[in-house]
Amino acid sequence: MKASVIDEKRARAAQLGTGELQRYSRHLYMPEVTLDGQRRLKAARVLCIGAGGLGSPAALYLAAAGVGTIGIVDFDDVELSNLQRQILHGTKDIGRSKLESARDRLCDVNPEIEIELHNCRFSSQNASQIVSAYDVVVDGSDNFATRYLSNDVCVFARKANVYGSVFRFEGQATVFAPHLGGPCYRCLFPEPPPPDSVPNCAQAGVLGVLPGIIGMLQAIEAIKLIIGIGEPLIGRLLHFDALKVKFRELNLWPDSHCPVCGENPTIFSPIDYEQFCGAREEAVPAISARELKRKIDACEPCELIDVREVFEYEIARINGAKLIPLGEIADRTDELPRERMIVVHCHSGQRSAQAVRLLRQRGFANIYNLEGGIDAWSDQIDPSVPKY
Ligand SMILES: [Zn+2]
């Protein structure tokens, strides 16, 4: 048997009551699990970073399987557009915090377990402290800043980091655990990409079922590490293509020059990559939703350009905005005024920052990015504009 991440003492201390023996009987029959494996599951503490598309199925199955303590880090509220894939939450939960919604659902699945809620953004300030209390981390984050942070902190703390990511019809899963062999995330990608060079789920879309498959793979890997069975996905990246229904496996190797787990590491403490990446990008002039509202109310001449996609414009729009999707803006600069102020907006401010950068290169000087996009407008100015 492979080594379990739970030591003997903790496994022996986790006693199962009659109800638990009944609940987990399908595990107990299996010679690979038995009472010993189930006690390890009960003793285990797993941290789910994010209660979203990946975190939902992962946490549901970890709870059902009897992982004794599940921690969840999240700070978002449930939105209608989450429900297409984030199956922890239901329609009745819209507007509630994801953490509370998750706790209710998980307690219903299995009242025998403990749920610990971390209501915060996972950051360099809190990451080490949060991770230190857990045995395994399931990274269900949807952005590079969090992914690098969870990787680094797990390497420092010698915790297995069960990685998953999804994009449109494809997903990937692996286990980063240099202390158990294999590489870390940085062995593969030493530095994060610039923040707005990569579309996130909100911009690129994702098939609703896909995070279900990848999140469940993450749950399986966490359970294997806890019980100490099978071949973990250490040093192997599993890639799934939903359109072709194909799984491919890539071997991954540690990099001796890795800045975190290599022979001469250069990074010894957590870094907030959002700031780090932001500083590398050329900042663009920005305007807040409140300032824009003030200018509109004062009838100051100002052209509002919306660089989102047509379907987004159908869902929600700011009155008076002209729609030119980001992909068309380079070819449609003759439709933009050169004498008036231009404010560009998108959903949350990333695509519009790209547009502002491009238009400044084309000689537009009096141009600003709407901070926080139409989301900020909905939050701060006009709540009748739907969020999505
Ligand atoms: Zn590494």
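Laid out as a table, the results:
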{"read-out": "Computed Rg/Rh of the chain, alpha carbon atoms with Kirkwood Rh", "value": "1.03"}
{"read-out": "Cα-based Rg and Dmax for the range 24-72, where Dmax is the largest Cα-Cα distance (Å)", "value": "11.6, 34"}
{"read-out": "Ordering of 248-257, 51-60, 353-362, 139-148 by burial proxy (mean other Cβ atoms within 10 Å per residue, highest first)", "value": "51-60, 139-148, 353-362, 248-257"}
{"read-out": "Separation of the Glu116 and Phe247 label points, Cα + 7 Å toward Cβ, nm", "value": "3.1"}
{"read-out": "Cut-off under 5 Å, modelled amide H: who pairs with Asp306 long-range", "value": "Lys322, Leu323, Ile324, His345"}
{"read-out": "Rounded percent of accessible protein surface that carbon and sulfur make up, the chain, 1.4 Å probe", "value": "52"}
{"read-out": "At least 24 Å along the helix axis (C-alpha) and Kyte average at least -0.5, DSSP helices within the chain", "value": "210-227"}
{"read-out": "Largest-first principal axis extents of the Cα set of the range 293-383 (Å)", "value": "34, 30, 18"}
{"read-out": "Ile94-Leu21 FRET efficiency (beta carbon distance; Förster radius 45 Å; 0.05 resolution)", "value": "0.75"}
{"read-out": "Sum of side-chain charges, Arg103 neighbourhood, beta-carbon under 13 Å (Lys, Arg +1; Asp, Glu -1)", "value": "-4"}
{"read-out": "The range 32-141: trypsin sites (Lys or Arg not before Pro) in DSSP loop, at most 16 other beta carbons within 10 Å", "value": "Arg96, Arg121"}
{"read-out": "Set of lysines near Lys159 by C-alpha distance (under 17 Å), chain-local residues within fewer than 8 positions excluded", "value": "Lys2, Lys224"}
{"read-out": "Peptide ranges 174-180, 184-190 listed from the most packed, as the mean C-beta count within 10 angstrom indicates", "value": "174-180, 184-190"}
{"read-out": "Nitroxide proxy distance, nm - points 7 Å out along Cα→Cβ at Leu323 and Leu80", "value": "1.6"}
{"read-out": "Calculated on alpha-carbon atoms, Rg and Dmax of the range 217-368 in Å", "value": "23.4, 68"}
{"read-out": "Whole-angstrom gap from the range 1-43 to the range 341-381, using each part's C-alpha centre", "value": "54"}
{"read-out": "Rg/Rh for the range 344-388, where both radii come from Cα atoms and Rh is the Kirkwood radius", "value": "1.08"}
{"read-out": "Tail beyond 20 Å, pair distance distribution of the range 1-139 (Cα, percent)", "value": "48"}
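The values are calculated or read from the model by the stated rules, or taken from the named source; none is laboratory data. Model, not experiment: these values are computed from the prediction. Quick reminder, even Gly has a Cβ in these numbers, built from the backbone with ideal geometry, and neighbours come from all protein chains shown. For the accessible areas, the whole protein counts, side chains as well, though only heavy atoms, and no ligand, DNA or RNA atoms are used. Shrake-Rupley method; radii C 1.70, N 1.55, O 1.52, S 1.80 Å.
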